[in-house]
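K.L.:
Quick one: the structure is below, and I'll ask about it shortly.
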Amino acid sequence: MNGPEIHVEFAPELALFVQRKPHRTLVTDGVSSLGHVVESLGVPLTEVGALVVDGREVPPSHIPKPAERLVVRPVERPQRVPGAPLRFLLDVHLGTLARRLRLLGVDTAYESTDIGDPALAARSAAEKRVMLSRDRGLLRRRELWAGAFVYSTRPDDQLHDVLDRFAPDLSPWTRCTACNGLLRQATKDEVAAQLKHGTQRSYDVFAQCTACGRAYWKGAHHDQLEAIVARALEKRLTASMWTGGPRPAAPRGRP
């Protein structure tokens, strides 16, 4: 390259993408946009909140000029995604996170098989869903509706990060964790074909998915699920107290 030389500074929150080198001077080619330059350094634009050049915010299409000083800021939290109801699409590697978001009543589509980056990006655009992934290449695809990098490999941390970043409305126990369909109350007779004899004797309260028909009840793992829901609601309440925002929605209907 023999274009303009610029100085780039990344916010500490983006250190993961730039190999802990938050400051650098580089020579650009004179024609590539600032967005392209940032992504070539390893940072998906989904993780960039603002590009500030010499004290003024510029769009990703800005063409760098000689001696400009660029500061790359992270997304602000909670991040607002205008233009559609907040809902998500997760790739094949985030199955546990998908189930936990559905447990909390968050509209979450999930691909249990690897359908490829182009198909995922196309679905994100067609359904206007925020793509959640640890695949940086996928998050760079221009046809995405919106996207976000999942920073942790631990489901507990992943869930906390998504809730903190997007602050979705929570309605626990209202969605099917298997298919994302909405749940309704059901009688024992309606779900009898799915129950073992011991379950029929021990439980009387059931819910059923309106999409796939799966039955739910307070089984052996219910306490673990209760704990996940309780932690999420507690963190949302704590965040609301600090920000003055609305309290979380009360739980509705427990399978």
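The values are calculated or read from the model by the stated rules, or taken from the named source; none is laboratory data. On a predicted model such as this, the values are computed, not experimentally measured, just so you know. Heads up, the Cβs are rebuilt from the backbone with ideal geometry, glycines too, and the neighbour counts pull from every protein chain shown. Ligands, DNA and RNA are excluded from the accessible area calculation, which covers all protein heavy atoms including side chains. Shrake-Rupley method; radii C 1.70, N 1.55, O 1.52, S 1.80 Å.
K.L.:
For segment 118-208, which chymotrypsin sites (Phe, Trp or Tyr not before Pro) pass both filters: DSSP loop (anything but H, G, I, E, B) and at most 16 other C-beta atoms within 10 Å? Display every interim value, and only then the final one.
P.N.:
Working: sites: Trp145, Phe149, Tyr151, Phe166, Trp173, Tyr203, Phe206; in loops: Trp145, Tyr151, Trp173, Tyr203.
For chymotrypsin sites (Phe, Trp or Tyr not before Pro) across segment 118-208 that sit outside H, G, I, E and B with at most 16 neighbouring Cβ atoms in 10 Å, the list reads Tyr151, Tyr203.
K.L.:
First obtain the Kirkwood hydrodynamic radius of segment 153-214 from its Cα pairs, then insert it into the Stokes-Einstein equation at 20 °C and 1.002 mPa s, and state the resulting D in µm² per second as a whole number.
P.N.:
Details: Rh = 13.8 Å.
After rounding, the answer is 155 µm²/s.
K.L.:
Continuing with the same structure: Could you work out the Rg to Rh ratio of the chain, with Rh taken as the Kirkwood radius (inverse of the mean 1/r over all Cα pairs)? Let's see the in-between values first.
P.N.:
Values: Rg = 22.0 Å, Rh = 20.5 Å.
With Rg and the Kirkwood Rh in hand, the quotient comes to 1.08.
K.L.:
Could you state the angle between the C-alpha long axis of helix 155-166 and the longest principal axis of the C-alpha atoms of the chain, as a value from 0 to 90 degrees rounded to the nearest 10?
P.N.:
Orientation of helix 155-166: about 70 degrees from the principal axis.
K.L.:
Ok, one more. May I ask you to give the percent of accessible area on the chain that is carbon plus sulfur, with a probe radius of 1.4 Å? Walk me through the numbers on the way to the answer.
P.N.:
On the way: 6990 of 13680 Å².
Of all accessible area on the chain, carbon and sulfur atoms account for 51 percent.
K.L.:
Over segment 30-95, what lengths in whole Å, largest first, do the semi-axes of the equivalent ellipsoid take, defined as the square roots of 5 times the eigenvalues of the alpha-carbon gyration tensor? Walk me through the numbers before you get to the answer.
P.N.:
Values: eigenvalues 149, 43, 21 Å².
For segment 30-95, the semi-axes come out at 27, 15, 10 Å.
K.L.:
Among the GluC sites (Glu not before Pro) within segment 87-174, which fall in a DSSP loop and have no more than 13 other Cβ atoms within 10 Å of their own Cβ? Mind dumping the intermediate values first?
P.N.:
On the way: sites: Glu111, Glu127, Glu143; in loops: Glu111, Glu143.
Those satisfying the criteria are Glu143.
K.L.:
Right, next: Keeping to pairs on different chains or 8 or more places apart, tell me how many lysine pairs in the chain have Cα atoms under 29 Å apart.
P.N.:
Working: Lys21/Lys65; Lys128/Lys235; Lys188/Lys196; Lys188/Lys218; Lys196/Lys218; Lys218/Lys235.
Pairs that pass both the separation and distance tests number 6.
K.L.:
Now for a separate question. When ligands, DNA and RNA are left out and all protein chains stay put, how many square angstrom of accessible area per residue does segment 1-160 have with a 1.4 Å probe?
P.N.:
Numbers: 7890 Å² over 160 residues.
Computed with neighbouring chains in place, this is 49 Å² per residue.
K.L.:
Rounded to the nearest 20 Debye, what is the dipole magnitude of segment 81-217 about its Cα centre when Lys and Arg each give +1 and Asp and Glu each give -1 at the C-beta? Walk me through the numbers before you get to the answer.
P.N.:
Details: 20 positive and 16 negative charges, 12 e Å.
Here the size comes out at about 60 debye.
K.L.:
Size of the dipole of the chain about the Cα centre, Lys and Arg at +1 and Asp and Glu at -1 on the beta carbon, nothing else charged, in debye to 20? If you can, show how the numbers build up before the last one.
P.N.:
Values: 36 positive and 29 negative charges, 144 e Å.
That gives a dipole near 700 debye.
K.L.:
Separate question: Taking all pairs of distinct Cα atoms, average 1/r, flip it, and tell me the Kirkwood hydrodynamic radius of segment 97-197 in Å to one decimal place. Present the calculation step by step, with values, prior to reporting the outcome.
P.N.:
Numbers: mean 1/r = 0.0659 Å⁻¹.
Hydrodynamic radius (Kirkwood, Cα only) of segment 97-197 equals 15.2 Å.
K.L.:
Relative to the longest principal axis of the C-alpha atoms of the chain, give the angle of the C-alpha long axis of helix 117-127, reported between 0 and 90° and rounded to the nearest 10°.
P.N.:
70 degrees
K.L.:
Which whole-angstrom value gives the distance between the alpha carbon centres of segment 130-196 and segment 204-231?
P.N.:
What the calculation gives is 15 Å, centre to centre.
K.L.:
Just name one of Leu103, Ser33, Ala84: the one whose Cα is farthest towards the positive end of the charge dipole of the chain (beta-carbon charges, Lys/Arg +1, Asp/Glu -1).
P.N.:
Of Leu103, Ser33, Ala84, it is Leu103.
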